[in-house]
Each structure stands twice: as C-alpha cells, then as structure tokens.
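Report on the structure given below.
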Amino acid sequence: MPKIVIAGNWKMYKTQSEAKAFFSEFPNHLKDTASQAAITDQQILICVPYTNLALLQTVVPAICPNLNIGAQNVHWAENGAFTGEISAPMLVELGIKYVIIGHSERRQFFGETDETVNKRLKAAQAHGLTPILCVGESKQQRDANETESWIFSQLAADLVEVDQNNLIIAYEPIWAIGTGDTCASSEANRVIGLIRGKLANRDITIQYGGSVKADNIDEIMAQPEIDGVLVGGASLDPAGFARIVNYR
Ligand code: 13P
C-alpha cells in the first residue's frame, strides 16, 4: 500500500519570522488523530525556502514532531562552482529528508529539463533523500489531447536509472496550479492511475497538486489512486493547511 503523504510547498513565500509565526499557530489546529496517524501510515511535510530550512529543523521537532521539513530543489553535484545552487550534502547535514524536483515552475521559468531533473533525482537518492518528482501537462497540451503522451515522455526521461523504491511522484497539471481551477478529482484519479501503470513499483506514493484547498481535500483524498497532495497557496495558512492535514 502506498503511504499517504500530505505535503505543502511554500514556494518563495515566508521570511523566517513569518515561518515561525506559522508554526506557533499550526499545531493548535491539528486533530490528535491526524498527528497520531502521521506516526504510522501518513506523512506530513512542508517544503520551505532554503533560508528557512535550518531554523525550522531546530524549531519544528519540539512543536510538531511528526512533521518533516523539505526543500524545493537540489543540485546534482556534491559541490562546485554553481552559483545559487544547493547540494544534497548541504540538505542532509540539516537532517532534511524530502526534496521537490522538477516542479513546473522550475521547468517553466528556470530552464529545468528532463535531463537536469533526472540528474537531480539520482543525486538526491544517492544521498538518501526522498525526491518528490513533479510531472504534468499545460493547458495547450490538454486541449490537444496530449496529456498522456506528454506525461509518459516526462516519466520515461526523468526516471532513467532512478530508484523507484525511494520516490514520490506528484501529478500537477500546470493549468490547475495557482488558478483555483482544480482538476476534477475523477480526472486526477484517472491520470494518476495511468502514471502508476507506467511504474515498475506500483506502490509509489502518487500525489495530486493544483489548487488543493480545505474545501476540496476530502473529495480528492477519497479517490482510490490518489495517495496524497502537494499543496501550494493553501499551505501558507496554518488553519487551512491543518484542515487539509485533518482531512479524515
Ligand atoms: P497551488 O496549490 O497554489 O495551486 O500550487 C500547487 C503547487 O504548485 C504545489 O507544488
């Protein structure tokens, strides 16, 4: 059975003081059952800007012991002349376990390609990090009936020599990100089922991401193929994200 993983992606939001304010409020909204469940069959994490990683690794365990802090990208080299990048050993030293790789915003605005995504995935795994690989189609691709072929080509290229025993995949249709235009949960379920059919390991956690909110989480999580969510905007609000974590 795939593990349920409920993840936030703060993107480029929250200074350190804003991050501290979030965590001083967030646990007050958690149901006991949800925090207990996190110990066993459900993982909760929030992927934060690099500047918040060290601070939150120090502060969060005492406040919210079952919540992991993750990063939003990682370089493939151990170190080197790569201005602006962060290496896997730098994340591992902080005790980070999860890292988003290949988010559509990286692919769209920062020249990320399937080749660099694949290199980042392999480097993350080589250092014991669990990557969250993001795939998904644009509006034009969906309208041209290219959703399946596009996602299959992303998976084929991104997963070359990648260990499917230490991997999370997030299906994030680009047109549903930050738009309020959530993919119908039945359609997300269908595409995630197709993604699973392409994997050697059918037990990989596959999340849905794109305008997930407190008011659609129950319906999304009721879908049989969907093993969790990757939440952008709604993860910035402590009460809203706690409601998502408390979906059951
Ligand atoms: P929103 O939840 O803001 O649509 O963002 C989704 C996303 O990109 C998560 O990685």
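A few notes on this one:
- Residue-level analysis places LEU236 among those that are farther than 26 Å from GLU115 by Cβ, open to solvent by 10 Å² or more (accessible area, probe 1.4 Å) and in contact (Cβ under 8 Å) with a residue 40 or more places away in the chain.
- For the stretch 16-32, the count of residues that are at pLDDT below 90 and surrounded by fewer than 12 Cβ atoms within 10 Å (Cβ to Cβ) is nonzero.
- The stretch 60-148 holds helices (runs of 4 or more DSSP H) entirely within its bounds, and those carrying 3 or more residues that are within 16 Å of the ligand (Cβ to nearest atom) map to 104-109.
- All of GLY84, GLY8 fail the test of being more than 17 Å from the chain's Cα centre (by Cα), modelled with pLDDT of 95 or more and of a type outside the set (A, V, I, L, M), apart from GLY84.
- Residue-level analysis places ILE100 outside the set of residues that are β-branched (Val, Ile, Thr) and loosely packed, with under 15 Cβ neighbours inside 10 Å.
- Checking each residue in the stretch 204-222 for being surrounded by fewer than 18 Cβ atoms within 10 Å (Cβ to Cβ) and more than 14 Å from the ligand (Cβ to nearest atom) picks out ASP218, GLU219, ALA222.
- Matching residues in the stretch 223-239 - criterion: being outside any loop (DSSP other than H, G, I, E, B), out of contact with any strand residue (DSSP E or B) (no Cβ under 6 Å at 6 or more places or on another chain) and within 15 Å of the ligand (Cβ to nearest atom): GLY233, ALA234
- Residue within the stretch 151-169 that is hydroxyl-bearing (Ser, Thr, Tyr), assigned to a loop (DSSP other than H, G, I, E, B), out of contact with any His (no Cβ under 6 Å at 6 or more places or on another chain) and open to solvent by 10 Å² or more (accessible area, probe 1.4 Å) present: no
- Within the stretch 168-194, tally of residues that are more than 16 Å from the ligand (Cβ to nearest atom) and either at pLDDT below 95 or within 21 Å of ARG107 (Cβ to Cβ) (or both): 1
The values are calculated or read from the model by the stated rules, or taken from the named source; none is laboratory data. Computed from a predicted model, the values in this text were never measured in an experiment. When we count neighbours, we look across all protein chains shown, and the Cβ atoms used for this are built from the backbone with ideal geometry, even at glycine. The protein model used for the area step is the full one, side chains on, heavy atoms only, and it has no ligands, DNA or RNA in it. Shrake-Rupley method; radii C 1.70, N 1.55, O 1.52, S 1.80 Å.
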